[in-house]
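These notes are about the structure you will find just below.
The values are calculated or read from the model by the stated rules, or taken from the named source; none is laboratory data. What you see is a predicted model; the values in this text were computed from it and never measured. Cβ coordinates were reconstructed from backbone atoms using ideal geometry, including for glycine residues, and neighbour counts include every protein chain displayed.
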């Protein structure tokens, strides 16, 4: 099964393959050059990029927003349990770059919906198939379509979820890629780890993994990678 969970794949593959700071579109599956890890540090005191050890998750997010303003970082990947129904998601969808819907077991027909500039940019199945709308045979009010406003998705997805033919696709709802330009999401406080990557200098990247314990920064892992010339 070609299960393309972007946030998860970033974490699992970045040590060997790398990934852009910006969210990666599912259709662009390109094998990047091998990267050499040139350093790795684990910080248990002090701060990194303005993110202080033992600071709260919300304070860490504010530090990342300041970093965004100076370095152009657009997203931070947030790990967590996700949700099992749309009621748990509430009005949080516009805070993220994408939303993934699937059954508990994970399937090729799971749905990946990504956004850009406040609208639906792409819809993919986990198999890699591109869609113009989902579900394919429903009308405009009962389906998600390319160009839909992100602010309208909660109502549409609730309507789709209520139909017995599609309820099973809402057993696992995931939103990993947090837009740094958007407000803090309180759900982030319970996340065990955030991570992002940015270019330090040409062909040198830094992967930052922020680990939390009860909503406070416990330690920060910092790895640097170099792309061979």
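Among the candidates 50, 147, 110, the residue that is at positive phi and not assigned by TED's automatic domain parsing to the domain that holds residue 213 is uniquely 147. Of the residues making up segment 141-188, those that are touching a strand residue (DSSP E or B) at 6+ places or on another chain (Cβ under 7 Å) and free of Cβ contacts under 8 Å to residues at least 24 places away in the same chain are 143, 156. Scanning segment 109-133 for residues that are touching a helix residue (DSSP H, G or I) at 6+ places or on another chain (Cβ under 8 Å) and either free of Cβ contacts under 8 Å to residues at least 60 places away in the same chain or not in a strand (DSSP E or B) (or both) gives 109, 110, 111, 113, 115, 118, 119, 120. Restricting attention to segment 93-106, the residues that are surrounded by fewer than 18 Cβ atoms within 10 Å (Cβ to Cβ), in contact (Cβ under 8 Å) with a residue 24 or more places away in the chain and part of a loop (DSSP other than H, G, I, E, B) total 3.
Inside segment 108-120, residues that are surrounded by fewer than 17 Cβ atoms within 10 Å (Cβ to Cβ) and farther than 15 Å from residue 160 by Cβ make up a count of 5.
Here residue 72 does not qualify as in the same structural domain as residue 158 (by TED's automatic domain parsing), surrounded by fewer than 17 Cβ atoms within 10 Å (Cβ to Cβ) and at positive phi.
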